[in-house]
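The values are calculated or read from the model by the stated rules, or taken from the named source; none is laboratory data. Note that this is a predicted model, so its numbers are computed, not measured. Positions of Cβ are backbone-derived with ideal geometry, glycine not excepted, and every protein chain shown enters the neighbour counts.
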Amino acid sequence: MAKGEEVENGSDRHSLLLELPLGKASKTFNLEKTVCSHGFFMMAPNHWDPISKTLLRPLRLTLLHCSSSPSVMVRISHPSHSPHCLHLLVYHTAIGIASLSSENEQALLTQVSRMLRLSESDERVSSEFRKVYDPTESSSSFVCGKVFRSPSLFEDMVKCILLCNCQWPRTLSMAQALCDFQIELQPQSLSAMTADFIPTTPAKKESKKNLEQSEVSACLTAQFASEINGSFEEEVVCKSDSHLLSDRIGNFPSPSELANLDENFLAKRCKLGYRASRILKLAQDIVKGRIQLGQLEETSMERSLSNYDKLADQLKQIHGFGPFTCANVLMCMGFYHVIPVDSETIRHLKQVHAGKFTIKSVGQDVQKIYAKYEPYQFLAYWSEVWDFYGKWFGKLSEMPCSDYKLITASNMRRKTKRKKTD
């Protein structure tokens with residue numbers, strides 16, 4: 001099927017099939033390994049389906065950092081009959097958009113390329129890393145030399161903030177809350193937004209949200225299960241698909257959608273705590289031009305040590321960006337010679353490398369342990385961590401999304417070790 005060809009499905013809605021050529025990456029590219037290479041794939045609005053091995057999420061129709069442009073749901077697949085390109089199925093008429101411009105299509109392709117790190121420099125890094133990293137024969141690691149990220153630097157930055165000082169289940173819930181809230185931030189919802197939010201009765205709203213999320217997951221499973229037995233180009237849409245592709249799943253908020261919100265309101269609405277002030281200040285500085293995301297990304301294209309230092313200095317000036325957040329953002333930008341360290345790093349080193357590791361020494365400890373992989377220390381460290389998670393919880397790419405919250409340090413103690421499922 002040609003790039004940009006309309007697909008009419010059984011519910012009289014149209015979708016658009018775009019093809020994204022993989023180029024040299026087609027020889028080694030694996031969608032499952034690339035997507036399921038970092039915890040970001042578990043965070044809303046990403047939805048990885050282990051049955052069809054496809055990624056579903058909303059993407060914006062423009063690349064403007066301060067835009068609150070409409071989003072469309074996109075399903076990314078890598079059909080076996082088309083090894084040299086990815087398929088992007090774009091559900092556009094579900095939100096009232098009759099057709100997409102060439103600029104819209106290019107914006108979608110660019111965002112997917114960023115998420116999957118399909119640039120020539122990313123492919124070079126991946127190839128070089130695979131040459132120096134030699135996992136054990138028993139390893140189940142998805143070693144591909146790439147780390148899944150978001151379609152925008154802003155989403156990466158906010159998600160790195162959400163990783164700070166909390167357990168994984170809360171990180172997941174905060175990301176989900178922001179995406180749920182983004183539905184209300186859309187122009188047609190703003191007038192009713194404040195009236196609908198009642199912070200004194202969270203249990204009722206939480207129950208309703210959980211019910212809706214389970215309905216969405218059931219719908220996704222039904223849709224993908226029906227498609228997996230046939231061609232991915234023959235679209236089968238479940239009965240509640242119109243809700244699934246429009247008002248049930250929100251995108252990650254843009255800077256302009258967040259910049260004018262009240263800090264206390266956002267903190268309570270999305271249960272962000274102190275992180276609300278950091279996210280709001282980041283959004284406001286981007287909207288007002290004090291932070292130029294485009295310039296930051298342009299600088300990161302040349303991954304030299306001098307550029308790393310330049311970017312690190314700029315990120316440290318952002319409100320609430322400490323060493324851990326900065327290191328994670330720089331990793332998302334493609335710098336792998338510094339390993340972000342926190343209590344989870346200490347846990348991993350103690351369980352895998354055995355020794356007396358402390359919060360004061362861990363930064364130097366990881367640099368010594370993984371020095372032989374320079375300048376790809378993070379890729380070696382993360383491949384080892386990811387493999388360790390897989391041994392405890394089973395293959396992460398096959399884990400149902402309802403189990404993502406189980407990946408915590410408390411569930412990785414020796415006495416509670418879970419057997420890997422077949």
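Confirm whether ALA98 is buried (at least 20 other Cβ atoms within 10 Å of the Cβ), at pLDDT below 95 and more than 18 Å from the chain's Cα centre (by Cα).
Spelling it out, it is not the case that ALA98 is buried (at least 20 other Cβ atoms within 10 Å of the Cβ), at pLDDT below 95 and more than 18 Å from the chain's Cα centre (by Cα).
Can you run down the residue pairs with Cβ atoms below 6 Å, 6 or more apart or on separate chains, where the first is in the stretch 136-151 and under 30 Å from VAL72 (Cβ atoms) and modelled with pLDDT under 65 and the partner is surrounded by 22 or more Cβ atoms within 10 Å (Cβ to Cβ) and among the polar types (S, T, N, Q)?
Note: pairs meeting the criteria are PHE142/SER37.
Do we have any residue at all in the stretch 258-279 that's within 20 Å of the chain's Cα centre (by Cα) and closer than 30 Å to GLU120 by Cα?
no
Run GLY394 past the list (1) over 28 Å from GLY322 (Cβ atoms); (2) at pLDDT 95 or above; (3) of a type outside the set (Asp, Glu) and report the number of the one that doesn't hold.
All conditions pass for GLY394, except number (2).
Can you tell me which condition GLY10 does not meet? The list is (1) modelled with pLDDT of 90 or more; (2) surrounded by fewer than 17 Cβ atoms within 10 Å (Cβ to Cβ); (3) closer than 30 Å to GLU398 by Cβ, and all the others hold.
It is condition (1) that GLY10 fails.
Are there any helices (runs of 4 or more DSSP H) wholly within the stretch 236-288 with 3 or more residues that are in contact with a Gly (Cβ under 8 Å, 6 or more places away or on another chain) and either aromatic (Phe, Trp, Tyr) or modelled with pLDDT of 95 or more (or both), and if so which?
275-287
One line per residue, one yes/no per condition, for (1) part of a loop (DSSP other than H, G, I, E, B); (2) surrounded by fewer than 20 Cβ atoms within 10 Å (Cβ to Cβ):
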{"position": "SER306", "(1), (2)": "no, yes"}
{"position": "ASP313", "(1), (2)": "no, yes"}
{"position": "GLY320", "(1), (2)": "yes, yes"}
{"position": "ALA327", "(1), (2)": "no, no"}
{"position": "TYR336", "(1), (2)": "yes, no"}
{"position": "VAL341", "(1), (2)": "yes, no"}
{"position": "ILE346", "(1), (2)": "no, yes"}
{"position": "LYS350", "(1), (2)": "no, yes"}
